Amino acid sequence: MCGIAGVFELHGGGGTQAAPLDLLGRMAAVLHHRGPDDTGIAQRGQAALAFARLSIIDVAGGHQPMTYAGDRYAIVFNGEIYNFRALRHQLEAEGATFTTRSDTEVVLALYERHGSGLLAHINGMFAFAIHDRQEGSLLLARDRLGVKPLYYALDDRRAVFGSEIKAILCDPEVDDEVDPAAVGDYLTYGFVPAPRTIYRAVRALPPAHCLTLRDGRARMERYWSVRRRPDAPRTLPEAVAALGELLDDATRIRLESEVPLGVLLSGGIDSGLVTAFMARHCAEAVRTFSVGFEEESHDELPWARRVAEKYGTRHTEIVCRPQIADLVPRIAAAFDQPFGDSSAVPTWSVCETARRYVTVALAGDGGDEVFAGYQRHTLFQRRALQADGASVAGALARGVSRAIAPTLPGAQRLRRLGLSDAEFQVDCLVLAEDRLKRRLAGERVRRDAEAFDSVRLGMGAGGEFEAEGGVLRFQHQDLTLYLPNDVLEKVDKMSMQHSLEVRGPLLDYRIVELGLNLPAALKNDGVHGKLLLRELGRQLLPPGHLDRPKTGFGIPTEQWLRGPLRELLRDTLEASTAAEAGWLDGAYTRRLLKLHMGGRDYSPLLWSLMMFELWHRSAQVRAATSGARRA
């Protein structure tokens, strides 16, 4: 796992270098946490490449930027190609030769033969840039699910790219003006969905996309999406057998490493199954790491411990406590843009601890999206079963909800009664609906029409399953909107702050294609989600493990914001620089704060607003120290 960055001149360098060495050095330096083991810089005329390496495969020979075919191709690569050994054997049979043992060189050999078509051949998590000196082109690519991030700034003269936004902002020519529409997106979802970022000039390459720059032109291409599969299993026994075989293989190929591995083990089904399959393939005891809370309502440690005992793992536990007022600003700054998911806190903690013992950790991310395991999926299924005769009541409820304040208790529930299925599904991801958002937004946001059209992203997220609707559409929405922009963004940024690589077997695209194409009845029955994973869990997890209620991974936000984090919350929202700059409405924010301290629960929204303010302060500090314009 690594950090990549670079600059590319769209019309050629004219004999000069695309970027000076000091800029490349700064780019690599701000990505040092992603790759503390090695640094590489290459000036190639039209292209300039920077690299920070976390050495995992071919530790001795995997230095980057790596070249191939003489000096024609050069790559900076972040991630892992899990099927690289099979691909290498195939390429060698076709006459290719290799000078390293790394998966990076396999990517270059594939590119020589297939161009951007190489993306159809690889199974992995990745973000990379390949410069073809002869063609004068640059290819930027991101993996199918969006496990690894890639950002870029593009104008009519040049492109600047990086694994993190901070690397791009090292270039003083990149404008750091905040995008009001992105602020609107954040107020809607608690994250900024790709392709937007919080900065107008910076874009996030969407998952399963590649961007080709050549002859002064930019061509964006989507190379993969989940398609309908008529051959998908239709019965539970067939589906369990297919999933067991795929998950076993997906776990096995993610164990390729020259450095120690472990598992981030929660008390849930997903990481428990990953632990079980990993134990099959490891001669030594697996290392497992779990995080819990003093608050029993949020603590999964006893359940994780049972899995660890069953498989004889070397188990480490961490208790996440609320004395984190100094940590929260560091977390906010690490994302480079506002990020409002409170589960970033325990993710930071467990990754920090795991890195003391291992360099690579497997995790259970993806199970809820792929097998309809969220409570919102269950509520939707239950809602569908009760839909008959509900339209009149729903219309009435919707009218009433419009007549009352959006902050009143029960207002959200009333509003949802009047929504269509697709609207309900999108609303399940919404942190602040439009009426509430207009009150929270500052003047600079209210002046931007696009800032109040955020739900369009969710309404167009059904993919091949849009017409079919139901839970399959819901899953595709979560897979393409929530998973990459929230879950995977969180895991990448928190793990890489500690130079820890996290791999997710359930994010293997073969499992994703299987899961979405299964009949809804094999995944969620309106009582339980992840029915297929639960059935597999009956065979592999401790007795009683499936009987416990589902617990989220977030912190006890309501209690902590009224208790140990009370002063941090007050400090950020009562003296808000973001409100002073016109991004938030300070008066309405303070009103919500007062209502929360009085007993109403607005903790998810207040946490998100606090993280926006903390990000804004960190952006001001960065701009002041770099001489850039203030955010």
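The values are calculated or read from the model by the stated rules, or taken from the named source; none is laboratory data. Worth saying up front: this structure is predicted, and the values here are computed from it rather than measured. Ideal geometry is used to build each Cβ from the backbone, glycine not excepted, and the neighbour counts take in all protein chains shown. Side chains included, ligands, DNA and RNA excluded: accessible areas come from the protein's heavy atoms. Shrake-Rupley method; radii C 1.70, N 1.55, O 1.52, S 1.80 Å.
Local charge sum around Gly146 (other residues, Cβ-Cβ under 10 Å, Lys/Arg +1, Asp/Glu -1)? That sum, taken over residues with Cβ under 10 Å, equals 0.
Report the FRET efficiency, 1/(1 + (r/R0)^6), for Ala120 and Asp215, where r is their Cβ-Cβ distance and R0 is 25 Å, rounded to 0.05. The formula returns an efficiency of 0.55 here. Helices that extend 24 Å or more along their long axis by alpha-carbon positions and average at least -1.0 on the Kyte-Doolittle scale are, among the DSSP H runs of the chain, 236-253, 603-626. Looking at the square roots a ≥ b ≥ c of the eigenvalues of the Cα gyration tensor of segment 452-532, which shape do they give, rounded for a/c under 1.5, prolate if a/b is larger than b/c, or oblate? Here segment 452-532 falls in the oblate category.
Using a 1.4 angstrom probe on heavy atoms only, work out the carbon and sulfur share of the accessible area of segment 497-631 in %. Walk me through the numbers before you get to the answer.
Numbers: 2550 of 5080 Å².
Reported share for carbon and sulfur atoms: 50 percent.
With a simple spin-label model that places each label point 7 Å from the Cα along the Cα-to-Cβ direction, the separation between Asp156 and His32 comes to 4.0 nm. Sorting 291-300, 146-155 by their mean Cβ neighbour count within 10 Å, with the most densely packed peptide first, gives 146-155, 291-300. Simple spin-label estimate for Phe98 and Arg113 gives 1.2 nm between the two label positions (7 Å along the Cα-to-Cβ direction from each Cα). Taking the Cβ of Thr67 as the centre, find all other residues whose Cβ is under 14 Å away and add up their charges (Lys, Arg: +1; Asp, Glu: -1). Residues close to Thr67 contribute a combined charge of -1. With a cut-off of 15 Å between beta carbons, the residues surrounding Gln90 carry a summed charge of -2, where Lys and Arg count +1 and Asp and Glu -1.
For the pair Glu558 and Glu294, the difference between a 0.36 nm per residue extended length and the Cα-Cα distance amounts to 93.6 nm.
Site pair His528 and Arg228 shows an inter-label distance of 3.0 nm when each label is modelled 7 Å from Cα along Cα→Cβ.
The Leu236 and Asp22 beta-carbon pair, evaluated with R₀ = 45 Å, returns a calculated FRET efficiency of approximately 0.15.
Rounded to the nearest angstrom and ordered from largest down, what semi-axes does the equivalent ellipsoid of the chain get from its C-alpha gyration tensor (root of 5λ)?
36, 31, 24
Protection proxy ranking, highest mean first, for peptides 357-369, 118-130, 429-441, 57-69: 357-369, 118-130, 429-441, 57-69, where packing is the per-residue count of other beta-carbon atoms within 10 Å, averaged. Summed over the residues of the chain and divided among them, the accessible surface reaches 37 Å² per residue at a probe radius of 1.4 Å.
Mind scanning Lys148/Lys310; Lys166/Lys530; Lys437/Lys523; Lys166/Lys594; Lys310/Lys530 and naming the pairs with a C-alpha gap bigger than 30 Å? Listed pairs above 30 Å: Lys148/Lys310; Lys166/Lys530; Lys437/Lys523; Lys166/Lys594.
In whole percent, and with a 1.4 Å probe on the protein chains, what portion of the accessible area of segment 1-158 is carbon and sulfur?
Exposed carbon and sulfur together represent 49 percent of the surface.
With all protein chains in place and a 1.4 Å probe, the accessible surface of segment 187-248 carries 50 percent carbon and sulfur.
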